[in-house]
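Novice: Let me give you the structure first, and then I'll get to my questions.
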Amino acid sequence: MAKLINLKINGKPVSVPEGTMVVDAAKKAGIDIPVFCYHPKMEPVAMCRQCLVEIGRPVIDRATGQPVLEENGQPKLQFGPKLETSCSTPVSEGMVVITDSEKARAGQREILELLLTSHPLDCPVCDKGGECPLQNLTMKFGPKESRFLYDEKHHAEKHFPLGDLIFLDRERCIQCARCVRFQSDIAGEPVLGFSQRGRHTEIVTYSDPGFDSVFSGNTTDICPVGALTTADFRFGARPWELKSSASICSQCPVGCNVTFNVRREVKAGGGYVIKRAMPRQNEQVNEIWMCDKGRFAGYQYTEADSRLKLDSPELDQALSQAAVKLAESASQAVFLAGGRLSNEDFYTLKQFATRLGAKAYLYTRHGGGEYTTRYGLAPGSNLGNLGKGDTVLVVASDLYHEAPLWYLRLKAAAKRGATLIVANARATKLDEFATFVIRYSYGDEVETVKSLSSKEKVGEAIKNTHHLVIFYGADGLGLTGTTALAQACADLFTSLPVSQTAPKANNGLIGVWSTPNQQGALEMGFAPCADLAAELKDKTVYILAADPAGDDPTLAEALKGAKAVIAQDILETETTRLANIVLPAAAYTEREGTFTSGERRVQRFYPAVPARPGTKADFALIAELAKRCGIDLEGRSALLVMNQIVANEPAFSGITYAKLAEVTEQWPIIGRSDLFYGGTGYENKQGLGVTLSLTPGVSPQGRDKQATLLSPSPAAKEMRGEGLRPKEDELLAVPITKLYDNGTTVAPAKLLAAHIARFDGVFVNPATAKKYGLENGSQARVSLNGVTYSASVLLDESISTGVVLIPRSFGIPLAEPAFVLLTALEPAQEA
C-alpha cells in the first residue's frame, strides 16, 4: 500500500496515496478543477495551463527538517508567487490547495479566454454541442464576453478526413494533444502528431492509410472539443435527443462494456434506432476504451437488410413444423449452437436436448475449453493488477486482431513491469512490448509450450512468478491443434508449485475465442464435435447462431444429406438458405441476457431497441419448440432462466441478476457531468459483472472424456509428427484471424468495407511471391483439398517462405493446417 499524504483543498482535509497529482486528489474529494490536456489515464504534460491553482506548502526549518509553526501551533505556509498547474504537481504532506480564490479563478478565466480567441463560435451547429467540455467550462469558468475581435479569429480547414472513420475540424482543435498521446502512450500506435508552429499548429496523420489504428474512435471520446468526430455519428443526432442503454460488445471474448445511444427516427417508421456505440467504464474489463470493430460493427449487423422475420402466423407454423421434425427424430436429432448465444439460451438448449435425448454440440474450431473451465481465472482477477513479479504468456494468438482490448491491457501490464512472453510462428504487434519473443514453426506449438520451463530466463520467469496468466489462441491451428495446445498449457500450470497453481486471483488459462460467449457454453458442458460432418449425416439438425454451410463446403454437403435442417438466426446466411425451416431470432440489442467473457466474467446486457415483429429471444424460441414437443421449459424471461442456471450449474452458483447489476466506486471517476475530465464515455451504473468460481482441477492423467473425443486424428498426428513441413512444390496453409473480415457480424458494417478489403487475400513472404511470379495485389489460384480458389496476394516479410496465411471468413474454407498449391492466374483469367 502506498503511503498516504494529508493535505487540504479549499479547506477540506484530503488523504490520498503518495504520488497523486493535485487535480486527482481534488477529484477524489469531489472538487472539480477544469482541465483540457490532462486525462487521468495518461501522464500529465501541463500544456493547456487550464488547471491553474494556488498552492501553499509548509515552511521547513532547514536545521531540524520540521515544519515551522505559527503562534497558533499550525504549520506556517508559503504560497508561490505564481499559480501552479495542478495536473503536474504531486501532493505533499501538509500542502494547502486553493482552487476557487479570485487569483485562481482569474488564471483559469484568462486561459479560457485565450483558447476562445482561436475557436469558432459555432456551438449550435457543432457535433459536440451538448457534451462539449469547452462549452461547459466556458459557461462555468469563462469570461462573460470576449475582448477580442471576431474578424481576427484563426480560420483553418474543416471536415478534414484523418482517415475514413475519423474527421478533424482543425479550426476547433485546441492542441491539447490528448489524441496524440492516446495513440502513442496507450494504443502504442503513434500515427498522429503535430505539424507547423504557433497559431498554425495542426494535427496530422503519419500513417498510410490515414489514422491507421484499431483504437481511433477513442480519440473522439477524449477530445475536449468538437475537433474529432466519427464518420458514423457526425451530424447524425444531438446528444440530448438520445436515450442510453447498457450492453456488452458481441464481437470477441473480452466482453467490453458499452452503451448504445438510441432515438426515434423517420427512417424506422418512428421506431427506435441505434445511433452510436460508446464505451462504458469497467476497470476490470475494458477500462474506458473500446476497439473500432466494436464501435463501428458492434451493432450494425443487427440492423442489416438481411434480418430474418416472419409474421405471427408464419412463425407459429414454422415452430409447429420444427417441433414435429424434432419430436419424430428425438435421439436422432443433433443441436448445433454458436457462441453468439447468451448463457440463458445455452442453458435452455441444453435442457431441451437432454430431455429430448438429442446430442448438443458447440459450433467452434477452437478446442480445449474443458481446460479453461478448470484452470481459468478465479474471482477477484483483474488484468489491470498485473505488474512486477507477474508473468503473462501469449501463445498462438495475435491479440491485436483477435481481442484488441486484451492487447491494450497486456501492453499496459508489461509497462508496469510484468514479464510478457509472446510465442508465435509469426510476428505480432504485441512483440514490441514483450520481455521474451519466442518463434516456432507451425506445428510445433505444443512442444514449444512443453519446453518453456527448460529455457533459462523464460523458465525462471515462469517458475518464480507471483501470478501466471496464459492466453492461448488458434493462430495457425484448428480444433485438434488448439485442444492439444490447451492441454499443454494446463500441464504447464500443474508442473508449477501448488502455491502458484491453486485457484487464486490473476492466475489462470484464457482461451482467445472468436465469439462473445463460447466460455459460457463451455461452463455448461457444451463441447465441439471432432467429426461434425459425419455426425450431421441423416440427422435432424437444429442450428442456432451459426453458419456451418457458409463456413465449410464439407459441412454444407453434410447438411444437404440431413433428414431436416432447422436454422435459427437473426440474419440470412448460407445455412438459413439451405434450411427446411427457418426461425427468426431477436438480436442481442433487442433483448436481455448475459455473456460469459474469456476471463469467466458473467455480465448483463440490456435491450436497447424493441424486438422486431415476428422475432423472439433464442431461449424463448427454444422453450416454445420444447413445449410443442411436450417438454416444459422456462421461456418467459431471461431472469427466470438465470435463476434455474444458478440452481443447476455449479459454476454459476451464487450469481443473481441483482449481483450482476452491482457497481462499486471506480478510478478514475468517469461521468457525464464532468466530460472535461474523463471524456464522453459512460459511467457504469448497470453492473460490473461477477467472475465464476472454479471447478476442482484434475491431474494431467485424469482428463475427462471430452479430451478423448477431441484426440488428434491419425492424419493430424502424422502432420504434427512431420512438423508440418511442406514438400518442395507445396506450401503450408494455416488459418489466421484478422480483426476485420467478411463474417456475418462484420460484413454489414459499410464503414469498414475498406478495412475489410485490406485483409481479403492470402499472405505470403515476398520471396515466396517472387518464386511463383506473383506481386503484391496480383491474383493467384490456391488449390486446397482438390478445390481451386482465386485470391489476391498480400505480402508479409514476417512469414516463413514455405507458408501461406489464409484469413478466416474470407471465402477459403481452411479449418485446419493443410498443404496447398499456389499458382499465378494468367492475365486472361484475372480479367
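Novice: Provide a single number: the residues in the range 519-566 that are crowded, with 18+ Cβ neighbours inside 10 Å, under 23 Å from F352 (Cα atoms) and free of Cβ contacts under 8 Å to residues at least 60 places away in the same chain.
Specialist: Counting residues in the range 519-566 that are crowded, with 18+ Cβ neighbours inside 10 Å, under 23 Å from F352 (Cα atoms) and free of Cβ contacts under 8 Å to residues at least 60 places away in the same chain gives 3.
Novice: Here's something else I'd like to know. Within the range 155-270, which strands (runs of 3 or more DSSP E) (wholly inside it) include 1 or more residues that are under 23 Å from the mean Cα position of the chain (by Cα)? Let's see the steps before the verdict.
Specialist: Working: elements: 166-168, 192-195, 202-205, 228-230, 243-248, 257-264.
It comes to 166-168, 192-195, 228-230, 243-248, 257-264.
Novice: Out of all the residues in the range 287-298, is one or more basic (K, R) and open to solvent by 30 Å² or more (accessible area, probe 1.4 Å)? Can you show your working first?
Specialist: Of the residues in the range 287-298, the ones basic (K, R) are 293, 295.
Pick out the ones that are also open to solvent by 30 Å² or more (accessible area, probe 1.4 Å) and you get none.
The answer is no; no qualifying residue exists.
Novice: Here are some residues: E54, E71, E43. Which one is farther than 28 Å from I186 by Cα, touching a helix residue (DSSP H, G or I) at 6+ places or on another chain (Cβ under 8 Å) and surrounded by fewer than 21 Cβ atoms within 10 Å (Cβ to Cβ)?
Specialist: Step by step, each of E54, E71, E43 is checked, and only E54 is farther than 28 Å from I186 by Cα, touching a helix residue (DSSP H, G or I) at 6+ places or on another chain (Cβ under 8 Å) and surrounded by fewer than 21 Cβ atoms within 10 Å (Cβ to Cβ).
Novice: Continuing with this model, one more query. Here are some conditions: (1) outside any loop (DSSP other than H, G, I, E, B); (2) in contact with a strand residue (DSSP E or B) (Cβ under 7 Å, 6 or more places away or on another chain); (3) within 22 Å of R365 (Cβ to Cβ). Q487 meets all but one. Which one does it not meet?
Specialist: (2)
Novice: Report whether or not R577 is farther than 20 Å from P516 by Cβ, touching a residue at least 40 places away in the same chain (Cβ under 8 Å), out of contact with any Phe, Trp or Tyr (no Cβ under 8 Å at 6 or more places or on another chain) and basic (K, R). So that I can check it myself, show each step before the final result.
Specialist: Values: farther than 20 Å from P516 by Cβ: yes; touching a residue at least 40 places away in the same chain (Cβ under 8 Å): no; out of contact with any Phe, Trp or Tyr (no Cβ under 8 Å at 6 or more places or on another chain): yes; basic (K, R): yes.
Against the criterion (farther than 20 Å from P516 by Cβ, touching a residue at least 40 places away in the same chain (Cβ under 8 Å), out of contact with any Phe, Trp or Tyr (no Cβ under 8 Å at 6 or more places or on another chain) and basic (K, R)), R577 does not qualify.
Novice: Same structure again: Do we have any residue at all in the range 491-513 that's more than 22 Å from A651 (Cα to Cα), touching a residue at least 40 places away in the same chain (Cβ under 8 Å) and touching a Leu at 6+ places or on another chain (Cβ under 8 Å)?
Specialist: yes
Novice: Only one of (1) at pLDDT 95 or above; (2) open to solvent by 30 Å² or more (accessible area, probe 1.4 Å); (3) farther than 21 Å from P607 by Cβ is not met by D305, so which one is it?
Specialist: So the condition that D305 fails would be (1).
Novice: Quick one: which strands (runs of 3 or more DSSP E) sit completely within the range 493-579 and have at least 2 residues that are closer than 27 Å to R374 by Cα and either small (G, A, S) or more than 31 Å from the chain's Cα centre (by Cα) (or both)? Full working, then the answer.
Specialist: Details: elements: 508-511, 540-544, 564-569.
Fully inside the range 493-579 and qualifying: 508-511.
Novice: For the structure I just gave you, tell me whether A231 is closer than 19 Å to L405 by Cβ, of a type outside the set (S, T, Y) and in contact (Cβ under 8 Å) with a residue 24 or more places away in the chain. Please lay out each step first, then the result.
Specialist: Values: closer than 19 Å to L405 by Cβ: no; of a type outside the set (S, T, Y): yes; in contact (Cβ under 8 Å) with a residue 24 or more places away in the chain: yes.
No: the conditions fail for A231.
Novice: Is it true that some residue in the range 315-330 is part of a loop (DSSP other than H, G, I, E, B) and either more than 30 Å from T230 (Cα to Cα) or modelled with pLDDT of 95 or more (or both)? Show your work before the answer.
Specialist: First pass over the range 315-330, keeping only residues part of a loop (DSSP other than H, G, I, E, B): none.
Within the range 315-330, none of the residues are part of a loop (DSSP other than H, G, I, E, B) and either more than 30 Å from T230 (Cα to Cα) or modelled with pLDDT of 95 or more (or both).
Novice: Taking the residues in the range 58-84 that are among the β-branched types (V, I, T) and out of contact with any Lys or Arg (no Cβ under 6 Å at 6 or more places or on another chain) as candidates, determine which candidate is nearest to A2 (Cα to Cα).
Specialist: Taking the range 58-84 and keeping what is among the β-branched types (V, I, T), we get 59-60, 64, 68.
Then drop every residue that is not out of contact with any Lys or Arg (no Cβ under 6 Å at 6 or more places or on another chain), which leaves 60, 64.
On the way: I60: 23, T64: 26 Å.
So the residue we want is I60.
Novice: Give the residues of the range 330-345 that are within 19 Å of L555 (Cβ to Cβ) and either among the hydroxyl-bearing types (S, T, Y) or under 38 Å from the mean Cα position of the chain (by Cα) (or both), sorted by residue number. Reasoning before the result, please.
Specialist: At the first step, the residues of the range 330-345 found to be within 19 Å of L555 (Cβ to Cβ) are 332-341.
A333, V334, F335, L336, A337, G338, G339, R340, L341, listed by residue number.
Novice: Which ones in the range 132-147 are open to solvent by 100 Å² or more (accessible area, probe 1.4 Å) and either assigned to a loop (DSSP other than H, G, I, E, B) or free of Cβ contacts under 8 Å to residues at least 24 places away in the same chain (or both)? Talk me through it step by step, then tell me what you get.
Specialist: Step one: of the range 132-147, the residues open to solvent by 100 Å² or more (accessible area, probe 1.4 Å) are 139-140, 144-145, 147.
Correct list: M139, K144, E145, R147.
Novice: When you look at A177, is it modelled with pLDDT of 95 or more and more than 24 Å from F260 (Cβ to Cβ), yes or no?
Specialist: Working: modelled with pLDDT of 95 or more: yes; more than 24 Å from F260 (Cβ to Cβ): yes.
The answer is yes for A177.
Novice: Only one of (1) open to solvent by 40 Å² or more (accessible area, probe 1.4 Å); (2) out of contact with any Cys (no Cβ under 8 Å at 6 or more places or on another chain); (3) part of a helix (DSSP H, G or I); (4) not aromatic (F, W, Y) is not met by P379, so which one is it?
Specialist: (3)
Novice: Just to verify a result, which residue in the range 444-466, among those that are among the hydroxyl-bearing types (S, T, Y) and part of a loop (DSSP other than H, G, I, E, B), is surrounded by the most Cβ atoms within 10 Å (Cβ to Cβ)?
Specialist: At the first step, the residues of the range 444-466 found to be among the hydroxyl-bearing types (S, T, Y) are 448, 451, 453-454, 465.
Still in the running and part of a loop (DSSP other than H, G, I, E, B): 451, 465.
Values: S451: 14, T465: 19.
Within the range 444-466, the match that is surrounded by the most Cβ atoms within 10 Å (Cβ to Cβ) is T465.
Novice: Here is a further query. Answer with yes or no whether L496 is surrounded by fewer than 24 Cβ atoms within 10 Å (Cβ to Cβ), modelled with pLDDT of 95 or more and not assigned by TED's automatic domain parsing to the domain that holds I806. Outline the logic, then answer.
Specialist: Details: surrounded by fewer than 24 Cβ atoms within 10 Å (Cβ to Cβ): yes; modelled with pLDDT of 95 or more: no; not assigned by TED's automatic domain parsing to the domain that holds I806: yes.
Here the answer is no, as L496 does not meet what is asked.
Novice: Report, by residue number, each residue of the range 91-131 that is touching a residue at least 24 places away in the same chain (Cβ under 8 Å), under 24 Å from V23 (Cα atoms) and open to solvent by 60 Å² or more (accessible area, probe 1.4 Å).
Specialist: Once the filter is applied, which keeps residues that are touching a residue at least 24 places away in the same chain (Cβ under 8 Å), under 24 Å from V23 (Cα atoms) and open to solvent by 60 Å² or more (accessible area, probe 1.4 Å), the range 91-131 yields E93, D100, K103, R105, R109.
Novice: Take S15 and tell me if it is open to solvent by less than 60 Å² (accessible area, probe 1.4 Å), among the hydroxyl-bearing types (S, T, Y) and either at positive phi or not assigned by TED's automatic domain parsing to the domain that holds I222 (or both). Lay out the reasoning, then the answer.
Specialist: Numbers: open to solvent by less than 60 Å² (accessible area, probe 1.4 Å): no; among the hydroxyl-bearing types (S, T, Y): yes; either at positive phi or not assigned by TED's automatic domain parsing to the domain that holds I222 (or both): yes.
No: the conditions fail for S15.
The values are calculated or read from the model by the stated rules, or taken from the named source; none is laboratory data. Worth saying up front: this structure is predicted, and the values here are computed from it rather than measured. Note: ideal-geometry Cβ built from the backbone for every residue, glycine included; neighbour counts use all protein chains shown. The accessibility values were calculated without ligands, DNA or RNA, using every heavy atom of the protein model including side chains. Shrake-Rupley method; radii C 1.70, N 1.55, O 1.52, S 1.80 Å.
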